[in-house]
Amino acid sequence: KNEVEQSPQNLTAQEGEFITINCSYSVGISALHWLQQHPGGGIVSLFMLSSGKKKHGRLIATINIQEKHSSLHITASHPRDSAVYICAVPSRPSNTGNQFYFGTGTSLTVIP
Amino acid sequence: NAGVTQTPKFQVLKTGQSMTLQCAQDMNHEYMSWYRQDPGMGLRLIHYSVGAGITDQGEVPNGYNVSRSTTEDFPLRLLSAAPSQTSVYFCASSPITKNIQYFGAGTRLSVL
């Protein structure tokens, strides 16, 4: 049973394309996280959101709590956006515990 | 501000050898955790700690030990390495009151 499902698993895009990565979850949550993992690198947190939409540069994250779904959009994609994008939700609705369910990640490759 | 520091970055072991993966954070975070990341699977929690002197098992604890003698350090010990422990290991820390984690750069471990 996967509490967090991401799609697609792999994605190849041409530079400049608009990209959408989807995340569905089955547990009640207080917030959802989007993480970025570069090849051979560590993991960094991009967004934590509990409602609506957040924007950081060319990255936009949205969440629909009722539908238990979140999307990560990348506008005007660039080869440096090539990475694995991971969706994560807390395993408990409260803010304590700091344990998460992680999606398996979406591997994005942006071709020049 | 170093954040979360993991050492070593790469390690090759023979079956049966023991070793310790080091993790240190300088953000005074109460919560620290160890994950392993395997192809096609999300990050899986091995052990975690909510403060100095307190540790608990995660989803996949077998074959690993941890201790938390100080707030800063959270080493992960492999007692007798097995090929099934070939993986990428990530340490993370977070403040206990916030649902956001800071990850180390990872340790790529191969057990032959």
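The values are calculated or read from the model by the stated rules, or taken from the named source; none is laboratory data. Given the structure is predicted, the values throughout are model-derived calculations rather than measurements. Counting neighbours? That spans all protein chains shown, and the Cβs are built from the backbone with ideal geometry, glycine included.
For the condition over 16 Å from the mean Cα position of the chain (by Cα) and either buried (at least 21 other Cβ atoms within 10 Å of the Cβ) or facing chain B (nearest Cβ under 10 Å) (or both), A:Gly105 does not qualify.
Taking every residue in segment B:51-72 that is more than 23 Å from B:Met27 (Cα to Cα) and pairing it with any residue that is charged (D, E, K, R), at least 6 positions away or on another chain, the pairs with Cβ-Cβ distances below 6 Å are B:Glu59/B:Arg44; B:Val60/B:Arg44; B:Asn65/B:Arg77. Restricted to segment B:11-49, and to residues that are assigned to a strand (DSSP E or B) and more than 15 Å from the chain's Cα centre (by Cα), which residue is nearest to the other protein chains (Cβ to nearest Cβ)? Of everything passing the filter in segment B:11-49, B:Val12 is nearest to the other protein chains (Cβ to nearest Cβ).
If you go through segment A:30-55 and pick out every residue that is more than 9 Å from chain B (Cβ to nearest Cβ), out of contact with any Lys or Arg (no Cβ under 8 Å at 6 or more places or on another chain) and not hydroxyl-bearing (Ser, Thr, Tyr), you end up with 11. For beta carbons closer than 6 Å, sequence separation of 6+ or different chains, a first residue in segment A:1-20 that is away from chain B (no Cβ under 14 Å) and in contact (Cβ under 8 Å) with a residue 24 or more places away in the chain and a second that is in a loop (DSSP other than H, G, I, E, B) and of a type in the set (Ser, Thr, Tyr), the qualifying pairs are A:Ala13/A:Ser77; A:Glu17/A:Ser77; A:Phe18/A:Thr75; A:Ile19/A:Ser77. Remark: pairs (first residue in segment B:14-32, closer than 28 Å to B:Pro95 by Cα and of a type in the set (Phe, Trp, Tyr); second residue at pLDDT below 95 and assigned to a strand (DSSP E or B); Cβ separation under 6 Å; 6+ apart in sequence or on different chains) = B:Tyr31/B:Val50; B:Tyr31/B:Ser94.
Every condition in (1) in a loop (DSSP other than H, G, I, E, B); (2) surrounded by 16 or more Cβ atoms within 10 Å (Cβ to Cβ) holds for B:Cys91 except the one numbered (1).
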